[in-house]
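What follows draws every value from the coordinates through simple rules; no lab data is involved. Keep in mind that this is a model prediction, so the values were computed, not measured. With ideal geometry, Cβ positions are generated from the backbone for all residues, glycine too; neighbour counts draw on all protein chains shown.
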Amino acid sequence: MAFPDDVLTSEERVVLHVHPHWKTLARPILLAILVIAAAVVALIFVPSGIGQIIIGAAALVVLVWLLLRPVLVRQTTHYVFTDQRILLQVGIFNRDRHDIPLSRVNDHSMNQHFVERLLGTGTLVIESAGERGQQVLHDIPHVEKVQTLLYELVEADHDKGTLDEGEMREIMKEHREATADGAETV
């Protein structure tokens, strides 16, 4: 599901837009495979009739809950980095959005466990001056490159107030080249 461009100001440009890493779907997919296997085994041993219909219906409900919900959560979670702010938006039916102006970013750090390093994902922590103070973004694809991009955006914003067109193009070009190996930019 696309991020609505109407929340951006007329002079604001999206530098990076990512959803959580695909690994967030690994567990639901494995559980769905187990549910399907259990349902098939149950259907083999239950005599035909109402019992099979109940098992099939129950398996379908569990599969929808295990698969559809995580896919929708992932697709409706947006981490958008612009030349002026960071927008964090989550929610399938209800929507929560938090904006962090680049001028308020005090610090940012990343964390990767061993498996996350292998998968190319990690956690990005953004410290900002404000009432919420710290935002933790889990399962960011190519987190080290995203952190570097955030550093460049914050430094450019602190140095000049806003980025000029040439700097913005250069940062976007460098990021595209760095993530040419398959980052989930939109």
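Projecting the Cα atoms of Ala42, Met110, Ile140 onto the charge dipole of the range 14-186 (Cβ charges, centred on the Cα centre) puts Ala42 farthest toward the positive pole.
The angle separating the long axis of helix 26-45 from the principal Cα axis of greatest extent in the chain is about 10 degrees.
Determine the relative contact order of the range 14-186: mean sequence separation of Cα pairs under 8 Å and six or more apart, normalised by residue count, in whole percent. If you can, show how the numbers build up before the last one.
On the way: 233 pairs, mean separation 39.5, N = 173.
It comes to 23 percent, rounded to a whole number.
Taking Cα atoms only, the orientation of helix 165-178 departs from the longest principal axis of the chain by about 40 degrees. Cβ-Cβ distance of Ile50 and Ala26, R₀ of 35 Å, FRET efficiency by 1/(1 + (r/R0)^6): the value works out to about 0.50. If R0 equals 35 Å, the separation of the Cβ atoms of Val90 and Glu170 corresponds to a calculated FRET efficiency of about 0.70. Estimated at 0.36 nm per residue, the fully extended path between His158 and Gln112 surpasses their Cα-Cα distance by 13.8 nm.
What's the ranking of 52-61, 140-149 by average number of surrounding C-beta atoms within 10 Å, highest first? Before the final figure, lay out each step's value.
Working: 52-61: 13.3, 140-149: 20.4.
Result, highest mean Cβ count within 10 Å first: 140-149, 52-61.
Here the simple spin-label model places points 7 Å from the Cα toward Cβ, and for Glu11 and Val125 these points are separated by 3.4 nm.
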